[in-house]
Amino acid sequence: MARKTEGMTARQRQSQQIMREKNARKKRKIIMRRMYWITCGLVVSGMAASGFWLWKSSTATRTIQATIDGAYVMTAEAGFAVKSLYLEGRNRTTMEELNKALGIKKGDPILRFSIREMRERLEKIESIKFAAVERSLPGTIYVRVVEREPVALWQNHNKMAMVDDNGVVMNGIEIAPYQHLPLIIGDDAPAHVKELMTILAAEPNLAKHFSAAIYVSDRRWNIRLTIKSGDVVEIRLPESNPAEAWKRLADAETHQQLLERDVKVIDLRLEGKMFIKVAPEELTPKTSSARET
């Protein structure tokens, strides 16, 4: 072979390689076609030998399945067996879950499994958002997964779980490495987490004080901010236009430094209004516990 390539240009060698790959693909197609017709022939022969009465019995099903299984074994013996599997994109999903969803092992007939069914099983894993499976004959399987990215920790009935940006709850994943994520509370909180993340991101100077958010009465958010002193300020957002109310709070903080005062509650539920509740010790006979700004 070395003598044949001596004196050849790079372009000629490339053309030769392309031709070899084309011939290899053509041979694979021919083998696949032959195996298909062999399988069909075995099934038909099995049915004819078993007799028509078997067609209406459970014996027929078992006979046909055994014939098909035998045909797949023949394809594996002909070289179409799983030899290697390449996996890309796994980070937090366990190999145990992936292996269970894939349902294959080395040496299995590579033509037996359904790519569509394998992909569907992978996407049922809570930590996986998308999956792609490719079969490369004669014996290689490529699997690529895109995992869900957790954006919040959900506290519900004394249990904690991670939630992605679409509100999908990711159970069964160790949460210790994700303690830094925002905490959300409330039965229906995950379904509205995307809205919350959008609101917070719009005003990063406020968001840096974020400690938790509670979804109240299945319709609106109460946001808890932790200020420099360690005290917590509760922000009551309205059901309608919460992002606008959050912006008004950010503007007020910029011009009036509200969070530097001893404030306990800022109520924004009434459009165009802001009610502030201060700490009891700050009250005097001339001040009220709630004032409108």
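Identify all residues within segment 104-138 that are out of contact with any helix residue (DSSP H, G or I) (no Cβ under 7 Å at 6 or more places or on another chain), of a type in the set (V, I, T) and outside any loop (DSSP other than H, G, I, E, B); write none if there are none.
Residue satisfying the conditions is I115 alone.
Please verify whether segment 245-258 includes one or more residues that are out of contact with any Pro (no Cβ under 7 Å at 6 or more places or on another chain), farther than 30 Å from E149 by Cβ and of a type in the set (A, V, I, L, M, F, W, C).
Of the residues in segment 245-258, the ones out of contact with any Pro (no Cβ under 7 Å at 6 or more places or on another chain) are 246-258.
Right, trim to farther than 30 Å from E149 by Cβ and you get 248, 251-252, 254-258.
In the following step, the residues that additionally are of a type in the set (A, V, I, L, M, F, W, C) were identified as 252, 258.
Checking segment 245-258: at least one residue is out of contact with any Pro (no Cβ under 7 Å at 6 or more places or on another chain), farther than 30 Å from E149 by Cβ and of a type in the set (A, V, I, L, M, F, W, C).
Looking only at segment 80-100, how many residues end up being assigned to a loop (DSSP other than H, G, I, E, B) and in contact with a helix residue (DSSP H, G or I) (Cβ under 8 Å, 6 or more places away or on another chain)?
Selection size over segment 80-100: 2.
Computed from the coordinates by the stated procedures, all read-outs in this text should not be read as laboratory data. The structure displayed is predicted, hence computed values, not measured ones. So basically every Cβ, Gly included, is an ideal-geometry build from the backbone, and we count neighbours across all protein chains shown.
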